[in-house]
Amino acid sequence: MLELLDLRRTFGATVALDGLTMRVPRGQVFGFVGVNGAGKTTAMRIVLGVLAPDSGQVRWEGSPVDAQVRARIGYMPEERGLYPKMRVRDHLVYLARLHGASTATAAASAERWMAALGVAERAGDRVEALSLGNQQRVQLAAALVHDPEVLVLDEPFSGLDPVGVDVLASVLRQRVDDGAALVFSSHQLELVERLCDAVGIIRAGRLVASGTVEELRGHGRQRRLEVEVEGTDRWAAELAGVRVVDRAGAALVLDLADGTRPDDVLAAALRAGRLVRFTPVQPSLAELFREAVLA
Amino acid sequence: MSPTAAGSREPGAGGFWATVRLVGRREFVERVRDRSFLISTVVSGVILVAVIVLPRLFQGDNTVHVVFRGPDAGAVAAAAERQAEAAGLHLKVVAPSTSAAADAQRARNGDVDALLDGATVLSKDTPDPALLGVLEAAHRQVLDAKTLAAQGIDPAKVGATLDVAPLRVETATSSDPRSGQRRGVAFFATIVLYGQIIGYGFWVATGVVEEKSSRVVEVLLATVRPRALLTGKIIGIGLLGLAQLLLLGVAAVTAAAVTGGLDITPDVVGVLGIVVGWFLLGYSFYASLFAAAASRVSRQEDVQNVTTPMTMLLLVSFFAAIYAANSPSSLGAAVLSVVPPFSALVCPPRVAAGTMPAGQLVLAVALMVLAVVLLVRVAARLYEGAILRTGGRVPWREAWRGAGR
């Protein structure tokens, strides 16, 4: 389990992290979402020791993260970075060696990951000669080449085409199923919703919500209905515990306050006229996210 | 489709020096493979060898060609040859042509160095004073011999009597006949030393900025300590500079030896050893400074700006070294050859000239080592504080405070 415990960090007058705590067990894909400047990148850099926290601690399997542990973390920084003039294979071998792999292990691992990410035929080319999409794949290979147990990836999907997204998603899933812990940040919330076992929403340096997407939906929030009654759209305006938040064609989108039961709404709709449609709606992660960060 | 981790787990990253070795080897190997390195090595080698060989080709050896005419031409020529040999001048007697006018023309054109016709010397430019002295003496010797012979004295005896060896020269400053060639070696060595330190120091600077501008530094620092990265980079590039220096040194000494300008004696080897030693010290000093300065900026365009103080310091050292080579016994040369970092360039020419007492040399090396040790620590801290800060130029003060954050 990777644990971030009460991390605090300021930059001058700016508070980047304000007591961030989160936990990612092995075998879990943890999506880390938040608006720009919420503290995601700062948190990840602290996990890697690239940045020191003012206070708080990062632990892996119960003990503080040190150089030995960091050698088993795979990191993809928000700002991509490789030596532009180095050859792809040499680069991956070099990074694996820096993480403590032997020459033979590093070479074998570089070949495996180049093949897995579809850049094997570019092994002898300089990084700068590759397209941006392929450079991105090499960057991922660089994060994975030492077979890390913990993956910390900052926006790993940005810049990838849909095929690249699928390749990366399956590669990461495989790593996690093999027992790795994965934290990644993304602004592509549909992707996060699709891939993640758990999601953390960070706002102003604190975790404001976390859990599975299912838990976030049910967690003390209004349920949502789409209801259409023929000939009227005014029937719900006076209804207690119900708020009209939107219209979807002729239907009203209703948020139900805590304690309001869907069958009360159904009864009211039936009284108002002929019922055309009555559909419970699952809010998307994007909607949950907006609520969480705007609340 | 994903590879598995089975059996590929290593026990974690190596220690500081294991990392330094990996980083250093990358710097060395990647740069050796770079075509620009090969080209720069060949170009410097060619320039250096050319500087050594070309003057000898144009100047030729110190052979002078002289035509002798007149009634006593044969006797004067023979006397001149003896005189020239004693004076260290290689005189070649050119057979006269059929007419005096043709020989005069050859002298005016400079085809021969001089024409001695009776009591007249004809040449294109003012003749070399040494040559003129030889001709003057030979002419007088023959005339004197004739005069004496006319009075009944045996010309052979006269010749022997009048053949006087030239004066032997002794000076107060240097009686060491090999100091000249040592100083020649030191002169070239100073130029090469300056070139190597500034070139490789600058390479360290651009290497630091390359890592910053390409952002690869954040990937590296996730597993490598900044000091190990800095140390590896400086050592790797320094070994490359050392290898190139040795290569250039061998090329230059070989060229000089082959063209006959240099005898490879133990003291020449000693001077070369001093040069290599000072390269290591000087490079360590400046490379640390270059690295610390470069870590403040994120774009290659800014490297020139932040490294200006170091290049100025090197340039001043270089001129001080030229000055010291010309007046190795002066007080200024004595002071600058001991004070770091000037000593890196000023010390070798003084040692070569034989004017540096062993005590001063030991002091100079000790002070420089001390300076390097202190500077490496300061530079490492500045580097650590600035290396992850991107954007504009990081002020020195913030770099100093930023370390470990």
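In segment B:215-245, which residues give up 30 Å² or more of accessible area once the other protein chains are added, compared with their chain alone (1.4 Å probe)?
B:R215, B:V216, B:E218, B:V219, B:L220, B:A222, B:T223
For the protein assembly as shown, what's the radius of gyration and Dmax over Cα atoms, in angstrom?
41.2, 163
Could I get the Rg over Rh figure for segment A:86-197? Both from C-alpha atoms, Rh via Kirkwood, rounded to two places.
0.96
Per residue, how big is the convex hull of segment B:292-405 when only Cα atoms are used? Give it in Å³.
96
Would you mind pulling out the separation of the Cα centroids of segment B:266-304 and segment B:87-120, in Å?
Cα centroid of segment B:266-304 versus Cα centroid of segment B:87-120: 55 Å apart.
In units of 2.2 N^0.38 Å, what is the alpha-carbon radius of gyration of segment A:1-54?
1.13
To the nearest whole percent, what portion of all C-alpha pairs in segment A:82-137 is separated by more than 16 angstrom?
Distances greater than 16 Å cover 35 percent of the Cα pairs.
Using a Gaussian network model of chain B whose springs link C-alpha atoms within less than 10 Å, name the residue from B:D113, B:D267, B:D302 with the highest mean-square fluctuation.
B:D113
Accessible area per residue of the protein assembly as shown at 1.4 Å probe, in Å²?
46
Over all directions, what mean area does the Cα convex hull of segment A:236-288 project, stated in square nanometres?
If I average the Cα hull's projected area over directions, I get 4.0 nm².
For chain A, what is one quarter of the convex hull surface built on the Cα atoms, given in nm²?
With the hull built on Cα positions only, its mean projection is 18.5 nm².
With each run of n ≥ 4 DSSP H residues scored as -39500 (n - 2.57), what mean residue ellipticity at 222 nm is computed for chain A after dividing by its residue count and rounding to the nearest 500 deg cm²/dmol?
-10000 deg cm²/dmol
Once phi is turned into θ = phi - 60°, what whole-Hz ³J(HN,Hα) does the Karplus curve with 6.51, -1.76 and 1.60 give for every residue of segment B:33-50, x standing for Gly and Pro?
Per residue, the Karplus-derived 3J(HN,Hα) values read 6, 6, 4, 5, 5, 4, 4, 5, 5, 4, 4, 4, x, 5, 4, 4, 5, 4 Hz.
Work out how far the C-alpha atoms of segment A:185-295 reach from end to end along every principal axis, then list the three figures in whole Å, largest first.
If we take the Cα atoms of segment A:185-295, the spans are 47, 24, 20 Å.
Between B:L48, B:L239, B:L116, which gets the highest mean-square fluctuation from a Gaussian network model of chain B, Cα cutoff 10 Å?
Looking only at B:L48, B:L239, B:L116, the biggest GNM fluctuation is shown by B:L116.
Which percent of the accessible heavy-atom area of chain B goes to carbon and sulfur, probe 1.4 angstrom?
Carbon plus sulfur share of accessible area: 64 percent.
Take the alpha carbon gyration tensor of segment A:154-247, find the square roots of its eigenvalues, order them as a ≥ b ≥ c, and report rounded if a/c is under 1.5; if not, report prolate when a/b exceeds b/c, else oblate.
Taking the square roots of the gyration eigenvalues as a ≥ b ≥ c, segment A:154-247 is prolate.
Report the semi-axes of the equivalent ellipsoid for segment B:314-377 in whole Å, largest first, where each axis is √(5λ) for an eigenvalue λ of the Cα gyration tensor.
For segment B:314-377, the semi-axes come out at 20, 13, 7 Å.
Just the ratio, please: alpha-carbon radius of gyration of segment A:16-139 over 2.2 N^0.38 Å, N its number of residues.
1.21
Sorted from largest to smallest, which semi-axis lengths in Å does the alpha carbon gyration tensor of segment B:110-152 give for its equivalent ellipsoid, taking the root of 5 times each eigenvalue?
In descending order, the three semi-axes are 26, 10, 6 Å.
Once you average over the residues of A:87-99, how many Cβ atoms of partner chains fall within 10 Å of each Cβ?
Taking all residues of A:87-99 together, the mean is 4.
Over the whole of A:71-84, what's the average partner chain Cβ count within 10 Å per residue? Rounded to a whole number, please.
Mean shielding count: 5.
Could you run the numbers on buried accessible area between B and A, total for both chains, 1.4 angstrom probe, in Å² to the nearest 100?
Accessible area lost upon association: around 3700 Å².
At a temperature of 10 °C and a viscosity of 1.306 mPa s, determine how fast segment B:223-291 diffuses translationally according to Stokes-Einstein, using the Kirkwood radius over alpha-carbon pairs as Rh; express D in µm²/s, rounded to the nearest whole number.
115
Measuring from label point to label point, each 7 Å out along Cα→Cβ, what is the A:L275 to A:R23 span in nm?
4.3
Based only on Cα atoms, what Rg/Rh ratio does segment B:68-114 have, Rh being taken as Kirkwood's radius?
The Rg/Rh ratio comes out at 0.99.
Over chain A, what relative contact order in percent results from Cα pairs under 8 Å that are six or more residues apart?
21
As a test of the formula, what do you get for chain B when each DSSP H run with n ≥ 4 contributes -39,500 (n - 2.57) and the sum is divided by the residue count, at 222 nm and rounded to the nearest 500 deg cm²/dmol?
-23500 deg cm²/dmol, from helical runs alone.
Quick one: if you take sqrt(5λ) for each eigenvalue of the C-alpha gyration tensor of segment A:125-169, what semi-axes come out, biggest first, whole angstrom?
Computed over segment A:125-169, the values are 18, 14, 8 Å.
Could you give me the radius of gyration and the Dmax of segment B:222-348, taking only the C-alpha atoms into account and expressing both in angstrom?
17.5, 57
Quick one: divide the alpha-carbon radius of gyration of chain B by 2.2 N^0.38 Å and tell me what you get.
After normalising by residue count via 2.2 N^0.38 Å, the value is 1.45.
What is the distance, in nm, between label points placed 7 Å from the Cα along the Cα-to-Cβ direction at B:V276 and at A:N36?
5.6
In segment B:365-405, how does Rg compare with the Kirkwood Rh, expressed as the Rg/Rh ratio over alpha carbon atoms?
1.13
Carbon and sulfur: what percent of chain A's accessible surface (1.4 Å probe)?
Here carbon and sulfur together make up 50 percent of the probe-accessible area.
The values are calculated or read from the model by the stated rules, or taken from the named source; none is laboratory data. This is a predicted model, so every value here is computed, not measured. All Cβ positions, even for glycine, are placed from backbone atoms using ideal geometry, and neighbour counts span all protein chains on display. The protein model used for the area step is the full one, side chains on, heavy atoms only, and it has no ligands, DNA or RNA in it. Shrake-Rupley method; radii C 1.70, N 1.55, O 1.52, S 1.80 Å.
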